[in-house]
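Written out below as structure tokens is the structure these notes cover.
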Amino acid sequence: MDFSYRRVEVAPSVTLNVATLGSGQPIVLLHGFPQTHLMWRHVAPRLADAGYQVICPDLRGYGDSDKPDGTAAYAKRVMAADVIALAQALGHERFALAGHDRGALVAIRAGLDHPEHVTHLASLDVLPTLDSWEVLQGTGGVVGFHLYLMAAPAPVPERLIAGAPDVFFGHFLDTWGNGSIPADFREVYLRASRNAIPSIISDYRATATIDVDDDRADRAAGRRLQMPVTVLQQDWGAALGFDAKARWSAWATDLTHQTVTAGHFMAEEDPELVVRHLLALLDR
């Protein structure tokens, strides 16, 4: 893994830690929770070898990127604008975009708000924000307990999570990981998350407030993703009683939806699967 690193200013007083690899047509990869850009360490070299410039930032609020205060700073519309500014700073007006988990929510918003910039879009193991809240019902929704915890008013989640951060963040790395995260990278993710508790909570708080309103407005206006879209996700629909493909079809005009057997951290568990689907998307 031979990432080159730089810091890129994407908004006033906000710079992102950015790893790049390769040359050619650009693809931006956005990490999920509770991770950093390093979750793409197996995927990025394969895409670079296939002739792409791979751009992997730490999202604002995560890793070594800046962590502004306040819920509004983590609206997905704001974070999506970071991605556009990052690509432009690197000389790219048009680029492919893939996101996992939280990064996928940012990618979806970027595709909706900036279709002139996003040529292709991939989402790994997430539903659009509004749909996520609609399907997490009853006892089955307990799997998403962290969404509700981090949506609570300050300082409740801040104090609770700070009391045992490794227990909290380690829970997701261990139970969602299927053993795919080595101990050294687990520690990197834990350390990064310990140092970002307020901003991670702000990200989730925005998803329960500002982001829901933005999605509702888009749904009412009939706005959809116009670029080719690929979705890879576990069979959450069967587990929670919803039709995942139908949910996604309401948001994308050109959709490939694939249920996979890999776990949530699929870019680390089965990078070949992810690369294969990303390259197929880029050929559409």
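Read-outs: derived from the displayed coordinates by stated rules, not from any lab. Given the structure is predicted, the values throughout are model-derived calculations rather than measurements. Note: ideal-geometry Cβ built from the backbone for every residue, glycine included; neighbour counts use all protein chains shown.
A few comments on the model shown:
- Rounded to the nearest 20 debye, dipole of the range 127-254 from Cβ charges on Lys, Arg, Asp, Glu: 100
- Positive-end extreme of charge dipole, the range 1-156 - chosen from SER123, GLY70, TYR148 (charges on Cβ): GLY70
- Calculated [222 nm] ellipticity per residue, helices only, for the chain: -13000 deg cm²/dmol; basis is -39500 (n - 2.57) per DSSP H run with n ≥ 4, divided by all residues, nearest 500.
- Taking a ≥ b ≥ c as the square roots of the Cα gyration tensor eigenvalues, the range 3-64 comes out oblate, since a/c reaches at least 1.5 and a/b does not exceed b/c.
- Rg/Rg_globular for the range 120-222, with Rg_globular taken as 2.2 N^0.38 Å and Rg from C-alpha atoms: 1.19
- Close amide-amide hydrogen proximity is noted between THR256 and VAL229, THR230, VAL231, each under 5 Å apart and 5 or more residues distant or on a separate chain (H modeled in the peptide plane; Pro and chain starts excluded).
- Close amide-amide hydrogen proximity is noted between GLN25 and GLN53, each under 5 Å apart and 5 or more residues distant or on a separate chain (H modeled in the peptide plane; Pro and chain starts excluded).
- In order along the range 197-203, phi translates into HN-Hα couplings of 4, x, 6, 4, 5, 4, 4 Hz, rounded to whole numbers, per the Karplus curve 6.51 cos²θ - 1.76 cosθ + 1.60 with θ = phi - 60° and x for Gly and Pro.
- Between the range 215-235 and the range 60-93, the Cα center-to-center distance that results, in Å: 21
- 3J(HN,Hα) from dihedral phi, the range 120-134, Karplus parametrisation 6.51/-1.76/1.60, rounded to Hz, x for glycine, proline: 9, 9, 10, 10, 10, 6, 7, 9, x, 3, 4, 5, 4, 5, 6
- Backbone geometry of the range 268-275 corresponds, through the Karplus equation with coefficients 6.51, -1.76 and 1.60 at θ = phi - 60°, to 3J(HN,Hα) couplings of 9, 6, 9, x, 4, 4, 5, 4 Hz, x marking Gly and Pro.
- FRET efficiency, ASP213 to TYR148 (Cβ-Cβ, R0 25 Å, nearest 0.05): 0.90
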